[in-house]
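Structure first, then comments.
Coordinate-derived values only; no laboratory data. Here the structure is a predicted model, which means the values were calculated and not measured. All Cβ positions, glycine included, derive from the backbone under ideal geometry; neighbour counts span all protein chains shown.
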Amino acid sequence: MTNKRIYLSPPHMCGREEDFVREAFQSNWIAPLGPNVDGFEDDLASYLGCAGAAALSSGTAAIHLALQLLGVGPGDHVLVSDLTFAASANPVRYLGAEPIFVDADRATWNLDPMRLEEALEDLSARGVRPKALIVTHLYGVPADMDPILAITRRVGLPVVEDAAEALGTTYRGKHVGTFGRFGVLSFNGNKILSTSGGGALVSDDLGMLERARFLATQARDPAPHYEHSTLGYNYRLSNVLAGIGRGQMTVIEERVMARRANFAAYSEGLGELPGVSMMPSPDYGRANHWLTCLTIDPELAAAAGVTRDAVIDALNDRLNAEARPVWKPMHMQPLYHGTRCYGGDVGEALFRDGLCLPSGSSLEPADRARIIDVIRGLFS
Ligand SMILES: *Cc1c(COP(=O)(O)O)cnc(C)c1O
């Protein structure tokens, strides 16, 4: 294989990152605090239009802290989108609580508000009062927040938005991550903005963010010596990595446009093939289209002699291009075997039929055209 690997979602640096990183070296702020951390937090808050952001070592850490700040503890229950990455749910277990999963809606691939309603009614009849809801904006497509918030407000259920995949995504003109009590971002190597590893907790509650920073730096009480009355963590983002984040923030809108252009090109090239459906792009918001995904109906595609897995293999073998199935729903994971789930069929079908295509913002249009050609070729 001589072709350069076409990754699903590789990091995409713009050049400005090195200026901020060099500044960190020159000023010797090689620490989990410093001007880049402060600057990156300001950049994020002003871009999203929320009061503040706390830069952390990962999106997973941000979810962990959000749940802890909401008082989740042993024996509690937390509702979580079923179709998501495991990092949405795992922090529930870190705190000794149990997740309860809620299926996706076929129309959005995101949390189904009707299932949420059903879950809350059924749990209430069982005397279970969940402590929080974690709703994922899957692959950068916004969840339908209005009906979800109407339900959660009625019962006083705090919402944590897992916007790890959705920086730059809006819902009715407002950035996702700013609707719930907390929003969570990830800057892992595969996300739309990468600091190699990192994350952030965002909120309009500055007191809570201050508390998050306190917990993220080992929860040191004010004293000249090391005094601790609370269990803390080492979850702050390095000032070096925050410099990468500041550079990346100078081009975030361009990155969103490039990912959206991938989705548009794939939709045009593949959307009409028999049995192929693009993932939804609901008109209530602007998806960042972190990953472009589609489903291949097994029966319709079989008539054309194609399977989802044959597409993955062909892209790998012919173009050295990386494609993957859609996330495996949490209720199907061995880790969560036996966990309560409301619905589950939609996530199961999307896992069976769904495919994520190479979607990087640095994806060359020529490579994208070759990917489209290879897939079209399988169907003819
Ligand atoms: C990437 C991701 C996370 C975790 O973020 P890390 O920064 O890798 O810890 C959480 N939830 C979802 C949906 C993600 O895609």
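A few remarks follow.
- Taking N as the residue count of region 1-140, its C-alpha radius of gyration divided by 2.2 N^0.38 Å amounts to 1.37.
- The chain: most fluctuating residue of 60, 195, 295 per GNM, C-alpha cutoff 10 Å: 295
- Long-range Cα-Cα pairs in the chain (distance over 28 Å), rounded percent: 46 percent
- Fewest-first sequence of 210, 23, 161 by Cβ atoms within 10 Å of each Cβ: 210, 23, 161
- Comparing 230, 169, 292 in a Gaussian network model of the chain, where Cα atoms under 10 Å apart are tied by springs, the biggest mean-square fluctuation is seen for 230.
- Under 18 Å of direct C-alpha separation, and excluding same-chain neighbours fewer than eight residues apart, residue 131 reaches no lysines at all.
- Order by protection proxy (mean Cβ within 10 Å, highest first), peptides 130-141, 196-207, 330-341: 130-141, 196-207, 330-341
- Selection of trypsin sites (Lys or Arg not before Pro), region 220-288, meeting DSSP coil and at most 14 other Cβ within 10 Å: 220
- Segment residue 218..residue 5, full-extension length gain: 72.6 nm, with 0.36 nm per residue of separation and the alpha-carbon distance subtracted.
- Taking trypsin sites (Lys or Arg not before Pro) across region 155-185, the ones in a DSSP loop with at most 16 further Cβ atoms lying within 10 angstrom of their Cβ are 172.
- Net length gained if the chain between residue 86 and residue 373 were fully extended (0.36 nm per residue, minus Cα distance): 100.0 nm
- Note on residue 191: aspartates and glutamates with a C-alpha under 12 Å away, same-chain residues under 8 apart excluded, are 165.
- Dipole in debye (nearest 20) - the chain, about Cα centre, beta carbon charges: Lys, Arg +1; Asp, Glu -1: 440 debye
- Annotation note: trypsin sites (Lys or Arg not before Pro) in region 1-58 located in DSSP loop regions with a Cβ neighbour count of at most 16 within 10 Å are 4, 5.
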